[in-house]
1. Restricting to the range 1-28, give me the number of residues that are surrounded by 10 or more Cβ atoms within 10 Å (Cβ to Cβ), within 18 Å of M53 (Cα to Cα) and not aliphatic (A, V, I, L, M).
2. Does T32 fit the bill of being exposed (fewer than 11 other Cβ atoms within 10 Å of the Cβ) and either touching a helix residue (DSSP H, G or I) at 6+ places or on another chain (Cβ under 6 Å) or not in a helix (DSSP H, G or I) (or both)?
Amino acid sequence: MHADNRRGILAMSLAMALFIANDALVKQVSATLPGPQLIFLRGLMATTLVLIMAQANKKENKRRLCEELNTLAKQPRENIN
């Protein structure tokens, strides 16, 4: 199995687990918080998680780009003339 497939499987499993946790927390807290506050807090938590994931993905993409550029720099260049 390729590493990308494993990462995809782990990402989907994590997403499902977080969805279940979110649903359970919303049901638990909905007894004490009004709807608008609940929606705001859920959105705030989701936004925080998305920003964390985007930052992690940015670092991974930067690393991959550097690897590709190093690979291209090592390849022989053809004359265009």
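Taken together, the values in this text are just the output of simple stated rules run on the coordinates, not laboratory data. Only a predicted model underlies this, so the values are computations on that prediction, with no experimental measurement involved. Every residue, glycine among them, receives a Cβ derived from its backbone with ideal geometry; neighbour counts consider all protein chains shown.
1. Counting residues in the range 1-28 that are surrounded by 10 or more Cβ atoms within 10 Å (Cβ to Cβ), within 18 Å of M53 (Cα to Cα) and not aliphatic (A, V, I, L, M) gives 6.
2. Values: exposed (fewer than 11 other Cβ atoms within 10 Å of the Cβ): yes; either touching a helix residue (DSSP H, G or I) at 6+ places or on another chain (Cβ under 6 Å) or not in a helix (DSSP H, G or I) (or both): yes.
So T32 fits the description; yes.
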